[in-house]
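Here's the structure we're looking at; comments come further down.
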């Protein structure tokens, strides 16, 4: 059966950032798996990604947006292209979208979902800036706009929730930091289309483990 990501469905994404994450992906109840190529000790074999039981999101994160190791733009381009045959989606930062346009164009041709993401590890931007980010990402071909920001106050959470509520096209929002876990559960229930939990080992402050996230989503 062809593995695809449904744009308007709320999905739980397990993040594979360690070698053990591949085995965990088979028993965590996830809807999709994000392959953090920048975080893994070695790039996985293409057949290993293709053999996952769920759709694969390929991510090669740049260092200033949470990437684990510095990788040149040329290396990132080559990595994305090498995994496209097994990708149900690619995730490229807004700041890299023009330089990696080839990846977005090929993904669109292959009917892979194009996620354009924005990360702010210090704060949650104003609503006006969040709207601008969404508009710019859509203009560059985003099927899903993904925004992750630091949430320290109810006002931070409220801005992301308002953005999610007014969206007419698929958006994924998530909090990091003190209110990260609480806000992620709220956003998932409010319709954030991609909701991330770690597999194998914790990764980001404010992120649930995938199994626990699934359990909580079914409870509330």
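Annotations for the structure displayed:
- Region 75-107 versus region 117-154: alpha-carbon centroid distance in Å: 19
- Taking all Cα pairs closer than 8 Å and separated by 6 or more residues, the relative contact order of region 11-219 comes to 20 percent.
- Between residue 138 and residue 4, the simple label model (points 7 Å from Cα in the Cβ direction) yields a spacing of 2.2 nm.
- Spacing of the modelled spin labels on residue 216 and residue 63, each 7 Å from Cα toward Cβ, amounts to 3.2 nm.
- Least to most buried among 16, 115 (fewest other Cβ within 10 Å first): 115, 16
- Extension gain, residue 50 to residue 98, is 14.6 nm, computed as 0.36 nm per intervening residue step minus the present C-alpha separation.
- Likely footprinting exposure, 22, 162, fewest C-beta neighbours within 10 Å first: 162, 22
- Annotation: the residues 114, 95, sorted from fewest to most other C-beta atoms within 10 Å of their own C-beta, follow the order 95, 114.
- Dimensionless Rg ratio for region 11-219, taking C-alpha atoms and the 2.2 N^0.38 Å reference: 0.94
- Counting every alpha-carbon pair across region 8-124, the share separated by more than 19 Å comes to 43%.
- Whole-angstrom gap from region 171-185 to region 1-62, using each part's C-alpha centre: 20
- Pairs of C-alpha atoms in region 26-71 farther apart than 16 Å represent 42 percent of all such pairs.
- Helical runs (DSSP H, four residues minimum) scored at -39500 (n - 2.57) apiece and divided by the length of the chain put the mean residue ellipticity at 222 nm at -10000 deg cm²/dmol.
Every read-out reported here was derived from the displayed coordinates using simple, explicitly stated rules and does not represent laboratory data. Computed from a prediction, not measured in an experiment: that's the story for all the values here. Using ideal geometry, Cβ is built from the backbone for each residue, glycine included, and neighbour counts are taken over all protein chains shown.
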